[in-house]
Amino acid sequence: MTSEAIPDIAVEERARTAPDGAPAAAPSAGALLVVLVGTFITVLDFFIANVAIPAIKADLGATATQAQMIVVGYGVAFTAGLITGGRLGDLYGRRRMFALGMALFMLASAVCSFAPSVTVLVVARIAQGASAALMVPQVLGIIGTVYTGAARDRAFTVYGLVIGLAGVFGQLIGGALITVDIAGLNWRTIFVINIPLCLLSLAFTRRVIPESRGAGGTRLDLTGALLVTVTLGLVVFALLMGAERDWPVWVWEALGGAAVLLAATVWHLRRRAAAGRSPLIAPGMFRSRLFTVGLIAMVVYFLAMASFFFVLALYLQLGRGLSPLDSGLMFLSVGAGYFGASIVSTRAAATVTARRVAVGPLTLAAGYGAIALTANGLDLSGSVLWLLPVLLVAGIGMGVTTGPLTNLVLRGAVPEHAAAASGLLNTAQEGGAAVGVAIAGAVFFPALADAGGTASAYPQAFAVTLVPLVCLGLLASLLVLAAPGRTART
């Protein structure tokens, strides 16, 4: 299947937005730049908080669960709202919803910047995630509307690269901002920086992005949106509380309830589709095995990737005593591997196959295993620089996976559901990241307590947490191999 599986979003939409019936102007890089700023800051804000967690805990007295909620609350709200946000863009205009989401994201960032307590910060982070869920789903739709052919292929490739760079370099950016300590704001600067970026993007949004809408029904599937939101929220809440309260019975009951809700969601979507009413998620999009298996692989991969950044930041700062900046600099090794591998992957994008993509998560698993052995073998007097080579391997694994797997999943989409497939891809990425942090916390903090809870316990807890992440990397590789090998574009 070629990239034509990602269709132009109705050429007549562009003609409709041109004044006086004049032909639409040739696309420029301006639209791509604006939407990628929105993509970058929303992904960055998930990962950048990791490096600020120790400073936030010290300043506001956050508990372990609250520290996780600062990261996971954002991710859950982001994930749970992505599909609904995409549908709102289809109904009311992608540019309009993108601008509204960015404006709300800016306001929520301002509240985060001056939050007087952990509770206010967590609530503001949830609001940030909900705003991002309104903004981000519009990006792929806008790219599909503005760009065609080879230009669109390049835009999608750059989009995947930006997501990875925001995740990998979020740690360094966060560490640098905290260290510079602008106006004595300390960790708050990681949220303040969003405000001028949002203002700048909003100033150009209307000027460079044409309005567009999607095909389909004219009403939002509110029941489907509610079921999806509650199901995901219940899963993550149960994982967080289970780790904090030693897995009481009600946590398992909550997870069982989430399974029931998932079954109800599937039944509702199928029933609505059979009745000819536009469901939030069209069951027909899962006819493609490549798309379905690839989407599951994407979830598993992001489970392993985002959770690694979370526990690595804790290990480096609390276990090894590194400053936020020094901790961020350690991530440069991951970033170097990611960036280099991404460049090579981009050049080979014309012949992406499932078998080649499967090498990425396998390399990631090998990197994690080497990191666990190295970290656990270092005593507190040993230099953390020994971690740099194995961090580089993990970064290469991420770079070989993120962009190519994104392209593989999108190109496996059933053509008539390609726009909705993009929304599900975003959901898989952010949902995997959010749940991954919850899983990592559920392993890391109990392991830390069992080992004594002192600085000397961090290497062992870190190594123990990496074991399930290695397994997730191997599983992601096997899932990609289970998808049919197919050339993306020749």
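Taken together, the residues in segment 79-116 that are over 30 Å from ALA183 (Cα atoms), hydrophobic (A, V, I, L, M, F, W, C), in contact with a Gly (Cβ under 7 Å, 6 or more places away or on another chain) and touching a residue at least 60 places away in the same chain (Cβ under 8 Å) amount to 4.
Consider segment 87-106 and keep the residues that are farther than 17 Å from VAL37 by Cβ and of a type in the set (A, V, I, L, M, F, W, C). The one that is surrounded by the most Cβ atoms within 10 Å (Cβ to Cβ) is LEU88. Here ARG270 passes the criteria (1) touching a Pro at 6+ places or on another chain (Cβ under 8 Å); (2) closer than 30 Å to ALA372 by Cβ; (3) surrounded by fewer than 18 Cβ atoms within 10 Å (Cβ to Cβ) except the one numbered (2). Only residues that are farther than 17 Å from ILE439 by Cβ and not aromatic (Phe, Trp, Tyr) were counted in segment 232-255, giving 3.
Candidates THR353, THR363: the one that is among the β-branched types (Val, Ile, Thr) and within 19 Å of VAL470 (Cα to Cα) is THR363. Looking only at segment 286-304, count how many residues are hydrophobic (A, V, I, L, M, F, W, C) and in contact with a Ser or Thr (Cβ under 7 Å, 6 or more places away or on another chain). Residues flagged as hydrophobic (A, V, I, L, M, F, W, C) and in contact with a Ser or Thr (Cβ under 7 Å, 6 or more places away or on another chain) within segment 286-304 amount to 1.
Residues in segment 38-57 include at least one that is aliphatic (A, V, I, L, M) and either in contact with a strand residue (DSSP E or B) (Cβ under 7 Å, 6 or more places away or on another chain) or farther than 23 Å from GLY164 by Cβ (or both). Inspection of segment 342-356 identifies no residue that is of a type in the set (D, E, K, R), touching a residue at least 40 places away in the same chain (Cβ under 8 Å) and either in the same structural domain as TYR74 (by TED's automatic domain parsing) or outside any helix (DSSP H, G or I) (or both). Selection over segment 353-366 of residues that are modelled with pLDDT under 85 and under 22 Å from the mean Cα position of the chain (by Cα) gives a count of 1. Output the number of the condition that ILE182 fails; it satisfies all remaining conditions of (1) surrounded by 14 or more Cβ atoms within 10 Å (Cβ to Cβ); (2) touching a helix residue (DSSP H, G or I) at 6+ places or on another chain (Cβ under 8 Å). That leaves (1) as the condition not met.
Would you mind stating whether ALA115 is among the aliphatic types (A, V, I, L, M), touching an Asp or Glu at 6+ places or on another chain (Cβ under 8 Å) and at pLDDT 85 or above? Judged against the criteria, ALA115 is not a match.
If you go through segment 94-133 and keep only what is among the basic types (Lys, Arg) and either under 22 Å from GLN66 (Cβ atoms) or in the same structural domain as LEU425 (by TED's automatic domain parsing) (or both), you end up with just ARG125. Restricted to segment 285-306, and to residues that are touching a residue at least 12 places away in the same chain (Cβ under 8 Å) and either of a type in the set (Phe, Trp, Tyr) or outside the structural domain of ALA421 (by TED's automatic domain parsing) (or both), which residue is farthest from ALA483 (Cα to Cα)? This residue is PHE302. Restricting attention to segment 425-464, the residues being not hydrophobic (A, V, I, L, M, F, W, C) and not in a helix (DSSP H, G or I) number 3.
Restricting PHE169, PHE156, PHE191 to those that are among the aromatic types (Phe, Trp, Tyr) and farther than 30 Å from LEU316 by Cα reduces the list to PHE156. Can you say whether GLY160 is of a type in the set (Gly, Ala, Ser), within 16 Å of LEU33 (Cα to Cα), crowded, with 18+ Cβ neighbours inside 10 Å and in contact (Cβ under 8 Å) with a residue 12 or more places away in the chain, as far as the supplied structure shows? Answer is yes for this residue. For LEU262, indicate whether it is touching a residue at least 12 places away in the same chain (Cβ under 8 Å) and in the same structural domain as ASP450 (by TED's automatic domain parsing). It is false that LEU262 is touching a residue at least 12 places away in the same chain (Cβ under 8 Å) and in the same structural domain as ASP450 (by TED's automatic domain parsing). Being out of contact with any Ser or Thr (no Cβ under 6 Å at 6 or more places or on another chain), among the small types (Gly, Ala, Ser) and at pLDDT 90 or above is not true of GLY233.
The values are calculated or read from the model by the stated rules, or taken from the named source; none is laboratory data. All values derive from a computational prediction rather than experimental measurement. Note that we place each Cβ from the backbone using ideal geometry, even for glycine, and neighbour counts take in every protein chain shown.
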